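All remarks here apply to the structure that follows.
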Amino acid sequence: MKLTLRVWRQAGPDDKGKMVEYKLDDISPDASFLEMLDVLNERLIAEGEEPVAFDHDCREGICGMCSLVINGTPHGPERNTTTCQLHMRKFSDGEVIDVEPWRAKAFPVVKDLVVDRSSFDRIIKSGGYISAPTGTAPEAHSVPVPKPDADKAFVAAECIGCG
């Protein structure tokens, strides 16, 4: 895929930021959004330029560190998906993609796409939580299994000594 990225660049919290345009070729549609940013950073480093700073921790869709605003939408175009689980196939070849930090007064920009999350960390440390439903997996015992399927599973478990 060929893409044009317009990335928010800001040297520090007191500096004025701006959008900087980068053109990328040969991005795999199977790459995650963060892997695509890694490709950009590898190129920038090879060219002697400063890489784009962005948060990433687990890259498994659970930590929330990689939250970005992509084309004006938090985490990007796919609903209920974290940025690290967003794949480039959700974008069109030749598309222009704007990438910005998630901005809020409580989360000032530290550098480029990195924000100061210390206010959120203080809420967590104090035992606080949010009540937003996160769409977790259903409880295993709440999913009915037909009797014939359960019997087959039990027979299979007996043959390996755990039934």
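The values are calculated or read from the model by the stated rules, or taken from the named source; none is laboratory data. What you are looking at is a predicted structure, and each value in this text was computed from that prediction instead of being measured. Cβ placement follows ideal geometry from the backbone for every residue including glycine, while neighbour counts extend to all protein chains displayed. Heads up: the accessible areas ignore ligands, DNA and RNA and are worked out on the full protein's heavy atoms, side chains in. Shrake-Rupley method; radii C 1.70, N 1.55, O 1.52, S 1.80 Å.
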Residues of the stretch 80-125 classified as in a strand (DSSP E or B) and free of Cβ contacts under 8 Å to residues at least 12 places away in the same chain, total: 1
Consider residue 62 against the criteria (1) among the aliphatic types (A, V, I, L, M); (2) out of contact with any Pro (no Cβ under 7 Å at 6 or more places or on another chain); (3) outside any loop (DSSP other than H, G, I, E, B); (4) surrounded by fewer than 14 Cβ atoms within 10 Å (Cβ to Cβ): it satisfies all of them except one. Which criterion is unmet? (3)
Pairs with Cβ under 7 Å, 6+ apart, first in the stretch 23-45 and without any contact (Cβ under 8 Å) to a residue 40 or more places away in the chain, second surrounded by 13 or more Cβ atoms within 10 Å (Cβ to Cβ) and polar (S, T, N, Q): 23/4
Out of the residues in the stretch 29-48 meeting the condition of being among the charged types (D, E, K, R) and over 17 Å from the mean Cα position of the chain (by Cα), tell me which one is surrounded by the most Cβ atoms within 10 Å (Cβ to Cβ). 43
Could you pull out the residue among 92, 119, 67 that is out of contact with any strand residue (DSSP E or B) (no Cβ under 6 Å at 6 or more places or on another chain), within 30 Å of residue 18 (Cβ to Cβ), at pLDDT 90 or above and not aromatic (Phe, Trp, Tyr)? 92
Of (1) open to solvent by 70 Å² or more (accessible area, probe 1.4 Å); (2) at pLDDT 95 or above, residue 26 fails just (2)
May I ask you to verify whether residue 41 is at negative phi, modelled with pLDDT of 90 or more and among the polar types (S, T, N, Q)? yes
